[in-house]
Amino acid sequence: MNSEPALLCGELCKRYGRHEALRGVDLRVEPGQVFGLLGPNGAGKTTLIRLVLGLALPTSGRVRVFGRDLFTERREVIRQVGAVVEAPCFFPYLTAFENLHHLVSLTRALPRERILDTLDAVGLAPVAERKVGTFSYGMKQRLGIAQALLPDTRLLILDEPTNGLDPHGIAGMRNLIRRISQERGIAVLVSSHLLGEIEQVCDRVVILHHGRKVIDNSLEELQNRDAEIEVLVEPDPAALARAGLDGALRSSDGVEDGLQLLRLSLPETEVPAAVRALVAAGLALHRVERRTRNLEEIFLQHTERGESDVRIDSF
Ligand code: ATP
């Protein structure tokens, strides 16, 4: 069993003329992991994917797939990497089986069972003999994934896999991604603007911003990294100033009954001391509550507001 990471990018830089699209990005994706790649428009996601697929050369830096160097052992590496980066195209007058068969016959023979097994992996085994022209958009997306899985794929790259799918299709795609990673140990790198979707399907998330990595954490670490506490107090600006928590104070809003809601963001270990400081300063506390932050809040905090066109619908 190969214990090498599925994907390892080291100090990856890409320059287009004077523009730096990627600036020293490190990335590590483990086998069987679903890895989310996020960032506002222009953050460098597509550039990173193009480099990992060997479609463009980096200005500097390394890409290794299961321990092999992409640029010196390209042929062996590419065989293990599958991708769906745009809506996949098929021959509509051929069946699902025939489309995949045609594809492999262009390169090398694969046993019939292998094609059927791959169709089964994406839930299309029952319609293997149906013409693709009769498929829904969601079924074609699944067939695209089957196509990407057919070689010896152990690293699968999906760029916006739920684009154009309805809520049922999105839920189905989520289950499919989970299944192929868990049951087949395939590492999946998913790029998406749908934060709710990433939150539900990914084990780990990287956020790029202006070509730099600003976040690289497991979802659990992300949500627990900075505790956010909400404190409901009787307004007393002088007492609040005495508490000396300006650095942690994210917002302070008046709420009904003349009370004030303070939001404090600080490391988990400092929460008790912060509560003591508020009490010692003379603030009357009505309620203290811990909140976990969702991915949308984390994303907005680490990328500039107004610059992104991230959709925040959570399916
Ligand atoms: P989106 O979410 O909009 O797809 P992205 O995160 O995929 O954005 P990239 O497409 O990687 O971002 O682009 C990163 C930066 O590099 C952008 O500023 C883009 O204009 C620039 N860029 C990308 N490709 C080229 C190219 N071929 N020539 C010049 N600049 C480029």
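Projected onto its three principal axes, the C-alpha set of region 151-241 covers 67, 31, 27 Å, listed from the longest axis down.
Each of 251, 181, 218, 265 was scored by other Cβ atoms within 10 Å of its Cβ. Listed from fewest to most, they are 251, 218, 265, 181.
Mean projected area of the Cα convex hull of region 52-191, taken over all directions, amounts to 8.8 nm². Ordering 120, 257, 159 from the fewest to the most neighbouring beta carbons within 10 Å gives 257, 120, 159. Per residue, the chain reaches -9500 deg cm²/dmol at 222 nm when only DSSP H runs of four or more residues are counted, each adding -39500 (n - 2.57).
So what is the relative contact order of region 157-315, in percent, for Cα pairs below 8 Å that sit 6 or more residues apart? 27 percent.
On a 0 to 90° scale, report how tilted helix 137-149 is relative to the longest principal axis of the chain, with both axes built from alpha carbons and the result rounded to the nearest 10. The angle comes out at about 70 degrees.
A crude spin-label estimate for the pair residue 128 and residue 263, with each label 7 Å from Cα along the Cβ direction, gives 5.2 nm. Summarising the amide proton neighbourhood of residue 212: residues at separation of 5 or more, or on other chains, whose placed amide H is nearer than 5 Å comprise 23. The value obtained for region 228-291, namely the Cα convex hull volume divided by the number of residues, is 72 Å³ per residue. Taking region 1-34 and a reference point 7 angstrom along Cα→Cβ of residue 60, the backbone N atoms nearer than 19 Å belong to 9-27.
Among the lysines of the chain, pairs at least eight places apart or on separate chains and with Cα atoms under 18 Å apart come to 4.
When the alpha carbon gyration tensor of region 162-315 is reduced to an equivalent ellipsoid, its three semi-axes come out at 38, 16, 15 angstrom, largest first. Counting neighbouring Cβ atoms within 10 Å and putting the fewest first, the residues 173, 139 line up as 139, 173. Taken over the alpha carbons of the chain as equal point scatterers, the Debye sum produces base-10 log I(q)/I(0) values at 0.08, 0.11 Å⁻¹ of -0.47, -0.77. Rounded to the nearest 20, the Cβ-based charge dipole of the chain about its Cα centre (Lys and Arg +1, Asp and Glu -1) stands at 1380 debye. Take the alpha-carbon centre of region 178-241, take the same for region 1-74, and report the distance between them in whole Å. Taking the Cα centre of each part, region 178-241 and region 1-74 sit 21 Å apart.
Bear in mind that the values in this text are calculations on the coordinates, not laboratory data. Computed from a predicted model, the values in this text were never measured in an experiment. When we count neighbours, we look across all protein chains shown, and the Cβ atoms used for this are built from the backbone with ideal geometry, even at glycine.
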